[in-house]
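Each remark here refers to the structure printed beneath this line.
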Amino acid sequence: MTAAPPGALSTHTDQAAVRALYLSLIDAWNRRHAGDFAATFDDEGYALGFDGSLHHGRAEIESALAGIFAAHPTGRYVVKVKELRVVTQDVALLRAITGLVMPGTAELNAATNAWQTIVAVRRGDGFRIAQLQNTPAAFHGRPALARQMTDELAAELR
């Protein structure tokens, strides 16, 4: 990151920790490991899925994700962090764009592009996810914005 914008986390260590937390979440999804995915959350964390499903707490998040992974193949996330800032000394907000590469393909499925937001809270000497929100990026009536997001994610894929 270059010069930190107002409200940016106070240390590079905190910035790196929140970014690493988010990337651990993505890595766990891409490995289809429900336990590792849930472990990134605070004990009372919430995960709001792409389809609107809401799961509360690590155990429920892990159970729901294990069911998803068992029921059907899932795509591999490609992500680009767009913003990382402080809300309070112990709370950070990370916003990213995401896309999925479905099994057996090498290209992004633009229909699955989304905005992901995590609210990370400091717990002891590290951060945990208090809230994950995964919002479809439909851009109704604005195909240029949809193409722009897909192009940006495709650059990350390369």
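Quick note: the coordinates plus some simple rules give every number you see, no bench work behind them. A quick note: this is a predicted structure, and the numbers were derived from the prediction, not measured. Glycine also receives a Cβ, built like all others from the backbone with ideal geometry; neighbour counts cover every protein chain displayed.
Here are the numbers for this structure:
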{"read-out": "Fully extended contour minus Cα-Cα distance, from Q89 to S63, at 0.36 nm per residue", "value": "6.2 nm"}
{"read-out": "Chain lengthening between E107 and A155 when straightened (0.36 nm per residue, less Cα-Cα)", "value": "16.2 nm"}
{"read-out": "Relative contact order (%) - the range 12-157, alpha-carbon pairs under 8 angstrom, separation at least six", "value": "22 percent"}
{"read-out": "Förster radius 22 Å - calculated FRET efficiency between T74 and A144 (Cβ-Cβ, nearest 0.05)", "value": "0.15"}
{"read-out": "Coil-residue trypsin sites (Lys or Arg not before Pro) of the range 1-104, DSSP, other Cβ within 10 Å capped at 15", "value": "R31"}
{"read-out": "Global form of the range 12-157, assessed from the alpha-carbon gyration tensor, a/c cut-off 1.5", "value": "oblate"}
{"read-out": "The chain - mean residue ellipticity at 222 nm from DSSP helices (-39,500 (n - 2.57) per run, n ≥ 4, rounded to 500)", "value": "-11000 deg cm²/dmol"}
